[in-house]
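Enquirer: Sharing a structure below in structure tokens format, with a few things to ask.
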Amino acid sequence: MAEPRYIVDSGPIVAALNRRDAHHAWAKAVFASLGEPPVTCEAVLTEVCWHLRESPQAVARVLEMPSRGDLRLFSVVETEGVALAGLVRKYGKRMDLADAGIVRLAEIFPRAKVITTDVEDFRVYRRNRNEPLLLIHP
């Protein structure tokens, strides 16, 4: 996989697909400006599908995004489970699997910017123990 410039969390994907989301316009503009598909992990897609569960059409669209080239998937649990476990131990209840996957992707791809609406958590998380993440947020 070529090094991505962007990593995307669940919030911007949900916002882009849900017109009623407070960050809808922002998310649509961000995705339109990237010039390449962002990378994410399966846990993020699971979280997105859960948030959009009332709309089978939106869930179907999410599931098609990697095949259509709108997102690039990186399987972190299979190859990075030990690192993910370390992150979850470090951050405790604050961090779920999707967040751990995003932080681990930021460690693997250190120049990539994380696109998120979850500024409260992602400003706290650190990659490689003490480096802040590069964020794109509303």
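The values are calculated or read from the model by the stated rules, or taken from the named source; none is laboratory data. Keep in mind the model is a prediction, meaning the values are calculated, not measured. Don't worry about glycine lacking a Cβ; one is built from the backbone with ideal geometry, like all the others, and counts go over all protein chains shown.
Enquirer: Residue check: is A25 over 16 Å from the mean Cα position of the chain (by Cα) and over 20 Å from P138 (Cα atoms)?
Expert: Working: over 16 Å from the mean Cα position of the chain (by Cα): yes; over 20 Å from P138 (Cα atoms): no.
Against the criterion (over 16 Å from the mean Cα position of the chain (by Cα) and over 20 Å from P138 (Cα atoms)), A25 does not qualify.
Enquirer: If you don't mind, another one. So which of A29, A16 ends up being of a type outside the set (S, T, Y), at pLDDT 95 or above and surrounded by fewer than 16 Cβ atoms within 10 Å (Cβ to Cβ)?
Expert: Numbers: A16 fails: surrounded by fewer than 16 Cβ atoms within 10 Å (Cβ to Cβ).
Exactly one residue qualifies, and that residue is A29.
Enquirer: Just to confirm my filter: which helices (runs of 4 or more DSSP H) fall fully inside the stretch 1-70 and include at least 2 residues that are closer than 20 Å to A100 by Cα and of a type outside the set (S, T, N, Q)?
Expert: Values: elements: 10-17, 24-33, 42-51, 56-68.
Hits in the stretch 1-70: 10-17, 42-51.
Enquirer: Condition first: closer than 22 Å to E120 by Cβ and charged (D, E, K, R). Now tell me which residues in the stretch 78-94 satisfy that. Step through it out loud before you land on a result.
Expert: The initial filter retains those residues of the stretch 78-94 that are closer than 22 Å to E120 by Cβ, namely 84, 86-94.
Selection gives R89, K90, K93, R94.
Enquirer: Go through the stretch 90-128 and give me each residue that's among the polar types (S, T, N, Q) and touching a Ser or Thr at 6+ places or on another chain (Cβ under 9 Å).
Expert: The first filter runs over the stretch 90-128 and keeps only residues among the polar types (S, T, N, Q), leaving 116-117, 128.
Within the stretch 90-128, T116, T117 qualify.
Enquirer: Can I ask one more? Starting from residues that are of a type in the set (G, A, S) and touching a helix residue (DSSP H, G or I) at 6+ places or on another chain (Cβ under 7 Å), keep the ones in the stretch 33-75 and report whichever is surrounded by the most Cβ atoms within 10 Å (Cβ to Cβ).
Expert: Taking the stretch 33-75 and keeping what is of a type in the set (G, A, S), we get 33, 35, 43, 55, 58, 60, 67, 69, 75.
After this cut, where a residue has to be touching a helix residue (DSSP H, G or I) at 6+ places or on another chain (Cβ under 7 Å) as well, the list is 43, 58, 75.
Working: A43: 20, A58: 18, S75: 11.
Of everything passing the filter in the stretch 33-75, A43 is surrounded by the most Cβ atoms within 10 Å (Cβ to Cβ).
Enquirer: In the stretch 79-138, what residues are touching a residue at least 24 places away in the same chain (Cβ under 8 Å), part of a loop (DSSP other than H, G, I, E, B) and surrounded by 12 or more Cβ atoms within 10 Å (Cβ to Cβ)?
Expert: Result: M95, D96, F109, A112, T116, T117, D118, V124, Y125, L133, L134, P138.
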